[in-house]
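Structure record follows, encoded as structure tokens.
The values are calculated or read from the model by the stated rules, or taken from the named source; none is laboratory data. The shown structure was predicted, so the numbers you read here are calculated from the model rather than taken from an experiment. Counting neighbours? That spans all protein chains shown, and the Cβs are built from the backbone with ideal geometry, glycine included.
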Amino acid sequence: MNENRSIMKKVTIIFPGWIKAPNGAAQFVFGLRSCINDFANQGIELSTFTLDDVHGEVRNFSNNDKIKRKASLKNKLMRYAKYSHLMTYAMIYFSGLRYSKRIVEAFDEIPNDELPDIIHFQDLFACYYYLKRKRKNKKSVYLTLHSNGSLWSMYEEYYPLFRSCFFGIMKRRIEDVALNRVDKVNFVADFPRWNFCHLYPHISSQKTSFVYNGIPDIEGGSKCISSTNQTRLVCVGTLCNRKNQIGILHALSKLTSEQQKSFSMTFVGDGPSRNILEKVAATLSADIYFVGNSNQVNDYLTNSDAFILFSKDEGLPISIIEAMRCGLPIISTRIAGIPEMIVEGISGYLVDVDEQQLSELFEKILIDRPDFVKMGEKSRIIYEEKFSQKAMILSYAKLWQKA
């Protein structure tokens, strides 16, 4: 047992979401919570505070029909939000702000003498609501941004009108309170940290840090070797503009019909872009599969030759780490923390968010016939060294012990 156990530092992770929600942020927090004993061995007494704690129950997300109905309604409202500032604000409020405010109100009911040494927020709005009130306690407040370093880029991708001056005062107020009063701004990779320092030069770089996301290893089945000459690609994620699955299909469409037949493409996930994706896929000669949301993601990964994510905006995608864990080479965009996950030409390929460039890479794959098995083995080694749960635990423990 670690000798630091006698001087345990208490840390609470604040997440204004449901611990079992089908998204990367919830998966990240759930992963941290599952490591409580491992953190204890590093001198950290870790706890989490989520909407499940506020409501006194763990919400179940196994009802796929209910999830689909809610997602369908949200997608329709998001389309209306493209044309209305008020609808944009309403969507941001009902999908984020209200939950952030609610969880802070619930957390404020905890007596001061029971508060942890470090309160670590996983959401900008929740951090803002907490810090806008002057606190008598001297607890350290940390914020992790799961983005490319910008506070607003992901919101602006989903809600284009959020870029307008209509929301300027709101944004500046949140930036002023959260960034100036927080003790540490943490990121999920080094490039987002650097980008943040570039975008917000008035915030000292000494106030920033980064810790790579990590996920637990699994007892996995062996990869299935293809019995055909097709290159089997797989993409896991919400089918939406930000994830840019349409760009993959457009890149395939630039190949000849015979070249397209050399690829199969499996999309795991659902979302607002599914209908248009299916229409475009129907015009291609490649084999395209849409399997929707699935609890068997690893099965799709192990039955593929390479993983592809053609996103326009990211932080450090959990889906890529899952693919690396399964020993898949990665094809992805040169954005945010993704280049820190891939050794070009060794464990995968990086491209700009450029459909022509991706199409040329597909042609190169057909001509060169790279050894995807060998590349996948290197990808797996990178996972073990940088993105394993053990590596993340050690990095977060070190970060918190410095407070």
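Here are a few things to note about the model shown:
Table: residues versus (1) in contact (Cβ under 8 Å) with a residue 12 or more places away in the chain; (2) surrounded by 14 or more Cβ atoms within 10 Å (Cβ to Cβ); (3) of a type in the set (Ser, Thr, Tyr).
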site: Asp65; (1), (2), (3): no, no, no
site: Lys68; (1), (2), (3): yes, no, no
site: Leu73; (1), (2), (3): no, no, no
site: Val104; (1), (2), (3): yes, yes, no
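- Within the range 244-271, the set of residues being in contact with a Leu (Cβ under 7 Å, 6 or more places away or on another chain) and either assigned to a loop (DSSP other than H, G, I, E, B) or basic (Lys, Arg) (or both) comprises Ser262, Asp270, Gly271.
- Residues considered: Ser164, Ser150. Of these, the only one that is closer than 14 Å to Ile335 by Cα, modelled with pLDDT of 95 or more and among the hydroxyl-bearing types (Ser, Thr, Tyr) is Ser150.
- Only one of the numbered conditions (1) crowded, with 21+ Cβ neighbours inside 10 Å; (2) on the phi > 0 side of the Ramachandran plot is violated by Gly292, and that is (1).
- Some residue of the range 349-360 being farther than 25 Å from Glu156 by Cβ, without any contact (Cβ under 8 Å) to a residue 60 or more places away in the chain, of a type in the set (D, E, K, R) and part of a helix (DSSP H, G or I): yes
- Residues that are assigned to a loop (DSSP other than H, G, I, E, B) and under 17 Å from the mean Cα position of the chain (by Cα) within the range 143-187 comprise His146, Ser147, Asn148, Gly149, Ser150, Leu151, Trp152, listed in sequence order.
- Matching residues in the range 295-320 - criterion: being touching a residue at least 60 places away in the same chain (Cβ under 8 Å), aliphatic (A, V, I, L, M), buried (at least 24 other Cβ atoms within 10 Å of the Cβ) and touching a strand residue (DSSP E or B) at 6+ places or on another chain (Cβ under 6 Å): Ile308
- Of all residues in the range 29-44, none satisfies being part of a loop (DSSP other than H, G, I, E, B) and within 25 Å of Gly292 (Cβ to Cβ).
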